[in-house]
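All of the numbers you see were taken from the coordinates with simple rules; none came from a lab. These figures come from a predicted structure and were not determined experimentally. Because the Cβ atoms are built from the backbone with ideal geometry, glycine has one as well, and the counts that use them run over all protein chains shown.
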Amino acid sequence: MTNKLNNNIYPEQYLLLAFISIITFKVVMLAQYLVSSAGNEAYITMAIMIAIELMMTAIVYAIIKNGSLLEQDLPKALKGIFAIILLFTSFAKCTLLGSEGVSYISTTIYDNVRWSYVTLALLLACTYLAYKGGKVIARTAQIFFWLFAISFAFHVVFSNTQLEIVNLMPFDFSSKIAVAGDKYLIWFGDYTALMFFSISKSPNATGKKLIIWTIIAIAGTILCAVGLMIIFICIFGESGAIIGNAFLNVSSLNKIAFMIGSMDLPTVCSWIVMCIIKISLLIFAAKECLKFFFGDKWWISVICGLVTYFVIVYGIGNLKTSYSLATSVLRYFVYFADFAVVVITYTIVFIRNKNKKSSQKSAMPKPHTPALEENSKEGNL
């Protein structure tokens, strides 16, 4: 049986998981998709959607400081409804975004390897991490954090890109921004999987340290998502609409690559680890939803992994189908259902905590004042 403490994480681990959850699938095909709809204004769409996502991630943190979603003081029926909703949205994102990851690995890293092999290898790792619990996922992210940091620093130091700022012009707010944001909603809203964690007090990140880590996480998220989008447009302009795998095409433009050949390995390894952690988070969220109904059983994780495998391999099967489903009406339910669950949960938790504090204050005994008692006695005499 899995102990509840297995889902307890520290604030700095939450920041890292939030960063990975938000960034992972926004640096692959999304840049190409946004440019195809919004042109040189695509980075504005990205900036607006990222701002909303960061705000929602902060609200999720405020909720899980008091325990995970299933530990909150909510009506059992409401928890059941939320579990069903998040089970569906987690599976939808896991299969659709997971298909994008499988497509990238099978065509870019290997020479058109069958999806079934890549999906099996990927989901074995993801399902195991989901089974072990939130704490193991968070620690895995911490272990590989330095791989992300070194890879990012490498490409910043040895960057050899020629940015054409004119590609961002004219600076305008047209309807294309809203159209792009609407069409690619399913690539955003990556925060509900974090609702199944519980925050514990950290011995290493308190006070000023935690503030610094928070600032770094927010700045890093904006830099990696919006910054990459700006660089992508500056390099490729509107021709970016036919160029996929944004992070790979941008990172390949460095001084070392021009001298000795491709230096994509650090970037590719970093992204694959992020992909595994991201999919693990989604399977973990689905597992926690099922756990609400069936209890803490080991086979729940296996069922989640198997369903994800069969949907990706036999239900979707290619990137074109994945794109069609992701941009269908399904995107509205997935995005707004996740949004509604977070807002409703936060509202109920906030009101109940406020009522508890007010009832505790009213129940406190009034301070003993001997001087007033003596004065009242003298007055009576």
Could you tell me the center-to-center distance, by alpha carbons, between the range 4-50 and the range 170-205 in angstrom?
6 Å
Correct option for semi-axes √(5λ) of the Cα gyration tensor in Å [calculated from the coordinates] among (i) 43, 26, 21; (ii) 33, 31, 18; (iii) 38, 25, 19:
(i)
For the range 266-283, in order, what is each residue's ³J(HN,Hα) by Karplus, 6.51 cos²θ - 1.76 cosθ + 1.60 with θ = phi - 60°, in whole Hz (x at glycine and Pro)?
x, 5, 5, 4, 4, 5, 4, 5, 4, 4, 4, 5, 4, 5, 4, 4, 5, 5
Pulled fully out, how much extra length does the chain show between T108 and K354, if you take 0.36 nm times their separation in residues and subtract their Cα-Cα distance?
83.3 nm
Report the longest stretch of the chain that contains none of the chymotrypsin sites (Phe, Trp or Tyr not before Pro) sitting in a DSSP loop with at most 12 other Cβ atoms within 10 Å.
174-297
Take the residue pairs K79/K361; K79/K201; K93/K287; K65/K291 and return only those whose Cα atoms are more than 18 Å apart.
K79/K361; K79/K201; K65/K291
Using only Cα atoms, find the angle between the long axis of helix 299-310 and the longest principal axis of the chain, and express it within 0 to 90 degrees, rounded to the nearest 10.
30 degrees
Determine the dipole magnitude for the range 113-185: charges of +1 sit on the beta-carbon of Lys and Arg, -1 on that of Asp and Glu, nothing else is charged, the reference point is the Cα centre, and the result goes in debye to the nearest 20.
480 debye
Expressed in nanometres to one decimal, the distance between label points 7 Å along Cα→Cβ at F310 and Q162 is 5.4 nm
Span from the the range 92-125 Cα centroid across to the the range 274-315 one, whole angstrom
16 Å
Helix 330-363 versus the longest principal axis of the chain: what angle, 0 to 90°, nearest 10, using Cα atoms?
20 degrees
Per-residue [θ]222 nm for the chain (sum of -39500 (n - 2.57) over DSSP H runs n ≥ 4, rounded to 500):
-22000 deg cm²/dmol
In debye to the nearest 20, the charge dipole size for the range 3-377, taken about the Cα centre with +1 at each Lys and Arg Cβ and -1 at each Asp and Glu Cβ, equals 1380 debye
Report, in degrees rounded to the nearest 10, the 0 to 90 angle that the Cα long axis of helix 115-132 makes with the longest principal axis of the chain.
20 degrees
In a Gaussian network model over the chain where Cα atoms closer than 10 Å are linked, find which of N355, N245, N66 has the largest mean-square fluctuation.
N355
